[in-house]
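The values are calculated or read from the model by the stated rules, or taken from the named source; none is laboratory data. Fair warning: this is a prediction, and the values are worked out from it, not measured in the lab. Neighbour counts run over all protein chains shown; Cβ positions are idealised from the backbone, glycine included.
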Amino acid sequence: MVDFAEFKKFFMFNLIGSLIVASLVAVVSVLIGEFNQTAQRSLWTLSMVIVHSFISLAFIWDDKKQDTFETFSFFSNVIFSLVIVSFLTSIFGIWSIITPESVGNLYQTYFVVAFAALHADILSKALHKETYLDVIVYVNYIFILIVVSLIQPIIWELKSFMSYDLFYRVLGAMAIIDGTLTILAIIFYKLYMKKHPKIESPLENNLQGTGEKSKRKLSIWVWILIIYLFFQFIFPWFFWIF
């Protein structure tokens, strides 16, 4: 298992250092009697350091309980990369290097990419079990990529795409196929695991009760994906009906 002690130290030092510097900026602003735009931006920058350090620490602490980094390594790596990119985006936004609209669009894109990474990582656990399962998963990967690509014109408000009713119909159809393939993969995966009970499932957590046999439940990340897929599957039908 990966030792994240050094990461914890790094983020804790970031938090402490940011709080000290923020206090110094506030003290200097009070002494000179002026809280100008530069001071405001400096405090906002330090706030972003604190926020992103807390997010990273929370993710590391969660790993202690659920082995998130071991179970969902691809998703974890993407999240950490997005935390870094998110921090840079927030800094560029604070110092007006990029527009507020672009910052908002980028964060929406990051959210979609994070969910796609979780989606793909969970599906990868069903690989190398049965040939038909591999086919379902690989085809599902293609539709995940298509859905993520089709969502981008909506996020970035590219009216040349959004003006066509066909665009939304195609997006809805792709989302339904994406959700259906994932549900099929999960069902077939569960059936496979029931046929092979000695194989430990990476999508389940063990719960040890006092004096009781260990119980198994689906990982919280799997439940998040299931809830997301439910809405992804239902919404296109809702809009077409009404």
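If the condition is being surrounded by 16 or more Cβ atoms within 10 Å (Cβ to Cβ), at pLDDT below 85 and over 17 Å from Ala126 (Cβ atoms), then the range 162-202 contributes no residue at all.
Which ranges mark the helices (runs of 4 or more DSSP H) fully within the range 65-142 that have 3 or more residues being surrounded by 14 or more Cβ atoms within 10 Å (Cβ to Cβ), in the same structural domain as Pro153 (by TED's automatic domain parsing) and of a type in the set (Phe, Trp, Tyr)? Write out each step before concluding.
Values: elements: 68-71, 73-94, 100-124.
Filter on the range 65-142 gives 100-124.
Has the range 94-101 got any residue that is modelled with pLDDT under 95, charged (D, E, K, R) and out of contact with any strand residue (DSSP E or B) (no Cβ under 6 Å at 6 or more places or on another chain)? The answer is yes; a qualifying residue exists.
If you filter the range 123-144 down to residues that are closer than 20 Å to His196 by Cα and among the polar types (S, T, N, Q), you find that the one that is nearest to the chain's Cα centre (by Cα) is Ser124. Going by the conditions given, is Ile226 modelled with pLDDT under 90 and among the β-branched types (Val, Ile, Thr)? Judged against the criteria, Ile226 is a match.
In the list Ile60, Ile50, Ile91, which residue meets the criterion of being farther than 29 Å from Leu150 by Cβ and either acidic (Asp, Glu) or at pLDDT 85 or above (or both)?
Values: Ile60 fails: either acidic (Asp, Glu) or at pLDDT 85 or above (or both); Ile50 fails: either acidic (Asp, Glu) or at pLDDT 85 or above (or both).
Going through Ile60, Ile50, Ile91 in turn, just one is farther than 29 Å from Leu150 by Cβ and either acidic (Asp, Glu) or at pLDDT 85 or above (or both): Ile91.
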